[in-house]
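Novice: Here it is, the structure in full.
Every number in this text was worked out from the coordinates using simple rules, so none of it is lab data. Just so it is clear, the model here is predicted, and its values are computed rather than measured. Here Cβ is always computed from backbone atoms with ideal geometry, including for glycine, and neighbour counts include all displayed protein chains.
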Amino acid sequence: MRRWPAALAVTLVLAVSGCSELPAGIDGDLTNGWSPPPAAKQWRPVASTCHPDLVDESTLDDRSPSGCLTPHIAESVVVADLAGVPAGSTAEANRPRAFRECSKRVNGWLGGDWRTGWLVLQPVMPSRQAWEGGARWYRCDLAETSPVDGDLVRRSGSLQNGLKTGKVKMTCADPTIAGEQVTGMRPRPCAAKHTSEFVGVFESKKSSAAALTSAELEKGCHAAIAKFTGIPNDGTVRNRVGWLGFPPDDTSWKLGDRAIRCFLWLNGEKMTGSYRNAGTRKLKIHYVYR
């Protein structure tokens, strides 16, 4: 037996019956007194959450934040909005701008310049669909990297004040060197014997990491070493110290990270204690170049 025609017939009867008596509380007005539905809202991520992976973009469907006390890779530090975005621009086109904003915003939370830590900074953008729907937020995620092999570290606990407390700060280390390449850095307490010490960063003006030259790296790291150790930044720096320089990878360079991380290195000689303000009495001329 087919039921749809019967249901339709009942509907028609009710429509033409012209019934004048309605149940108590029913006035016959289908819209009177109804509140308007709430305005639709874009989903927006929140800061102070942690995540199992470091990602480029985030949506409501794939979000999986967790408490930072459980093992995780990435920590969301800041969620903010990009103002004055040009019409027609894409989320990807605005990623470098988000990176610059993140670079300024995370330092106070970390307790120092994020570039001086064993850290990766990742701007997370809305998906293409969310961006086209009007989302203009960006999220600043941080992850710890292993100085030994460069892998991302699965960690428990927050990175907040990690540079202030020294937990993820670049300081002293023993590098593993193969030919002209550094293949790993094993952090060491500066009070113990070690063969290198982080002295600071310098920023390159080159448009790509591939355009960096050894001469530019040497000049920039020599200046950073001279400032850190209190020796003259002149032609004698190369006769007093060696150096190790670590440029960002291509992905970070394209986002806007142009900071080369510089380490004082005495060509394998053991050091004890920090060489900050060591001066020329401790860093004598003892390398000769012919």
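Novice: Could you state the number of Å between the C-alpha centres of region 164-190 and region 126-149?
Specialist: Region 126-149 and region 164-190 have Cα centres separated by 28 Å.
Novice: Given 0.36 nm per residue, what is the gain on full extension from residue 81 to residue 178 after removing their alpha carbon distance, in nm?
Specialist: Values: separation 97, 0.36 × 97 = 34.92 nm, distance 4.48 nm.
Length difference between fully extended and current span is 30.4 nm.
Novice: Further question on the same structure: Any aspartates and glutamates with Cα under 15 Å of the residue 167 Cα? List them, leaving off those in the same chain fewer than 8 positions away.
Specialist: Candidates past the 8-residue exclusion: 113, 144.
Novice: Something else about it: Given R₀ = 35 Å, FRET efficiency for residue 210-residue 42 by Cβ-Cβ distance, to 0.05? Can you show the working numbers first?
Specialist: On the way: r = 39 Å, r/R0 = 1.11.
The formula returns an efficiency of 0.35 here.
Novice: Report, ordered by chain and residue number, the aspartates and glutamates lying within cross-link reach of residue 270, taken as a straight Cα distance under 12 Å and ignoring same-chain residues fewer than 8 apart.
Specialist: 174, 197
Novice: Here is a follow-up. Sort 241-249, 158-166 for me by packing, meaning the mean count of neighbouring Cβ atoms within 10 Å per residue, highest on top. Don't skip to the end; give the middle numbers.
Specialist: Numbers: 241-249: 19.1, 158-166: 17.1.
Highest-to-lowest ranking by the protection proxy: 241-249, 158-166.
Novice: Could you run the Karplus curve 6.51 cos²θ - 1.76 cosθ + 1.60 with θ = phi - 60° over region 42-54 and give me ³J(HN,Hα) per residue in whole Hz, x for Gly and Pro?
Specialist: In residue order, the calculated couplings are 6, 5, 9, x, 10, 7, 6, 10, 10, 9, x, 9, 8 Hz.
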